[in-house]
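Data first, discussion second: the structure below is written as structure tokens.
Bear in mind that the values in this text are calculations on the coordinates, not laboratory data. Given the structure is predicted, the values throughout are model-derived calculations rather than measurements. For neighbour counting, all protein chains shown are included, and Cβ atoms are generated from backbone atoms with ideal geometry for every residue, glycine included.
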């Protein structure tokens, strides 16, 4: 699903109402002309909205909104916060449309291939490329990734998290949302979801039997997930 449907001109001149940018991102313009960004997503089967800030604070998506893009990437890939924040451009295989997380960055100490959907590719296309930074989601300092607290603080500022007035939701919880969706909503087998989450197979017999990573099935699953949360 393409994102960034709204050009800078459209953002500046849009009339009162709700204007979709794609990928769950929405621009809301009040009757008085105030503009703010809203991220729409599904959590535990319920549609929710998260305010990302005013236009003055965030700007057009992809311009000063790296934490918001990182959060969307995390949701769509069902990966861990650290895996997303430390993702590097040289891990992205544009030809095969896959993100390969090296073993040293995985909890399981095994390389993990993440199939990229149209929505995640659009996010990558929207990210800034900095000569002094190899990370997908660059931090404020040269050569450093976005802070490990960035996504957590982003959600806390919107009323989510521990003691949050809008719910105790944290970035890592989206992996649980993905698992709930795969088991209760989708028709994909359990082992495909477990592979997508890069979980270790504890049963040695099953682990020995299943040598592949079910990549083709996982690609279909991640596209279905992207369609579900859009």
Rel. contact order, % - alpha carbon contacts under 8 angstrom, at least six apart, region 60-229: 24 percent
Eigenvalues of the alpha-carbon gyration tensor of region 60-229, times 5 and square-rooted, give semi-axes in Å, largest first, of 26, 20, 15
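How high is the FRET efficiency from residue 9 to residue 35, r the C-beta distance, R0 22 Å, rounded to 0.05? Numbers along the way, then the final one.
Values: r = 13 Å, r/R0 = 0.61.
In this case the efficiency is close to 0.95.
Can you compute the FRET efficiency between residue 186 and residue 108 using 1/(1 + (r/R0)^6), with r the Cβ-Cβ distance and R0 = 22 Å? Round to the nearest 0.05.
Working: r = 23 Å, r/R0 = 1.05.
The computed FRET efficiency comes out at 0.45.
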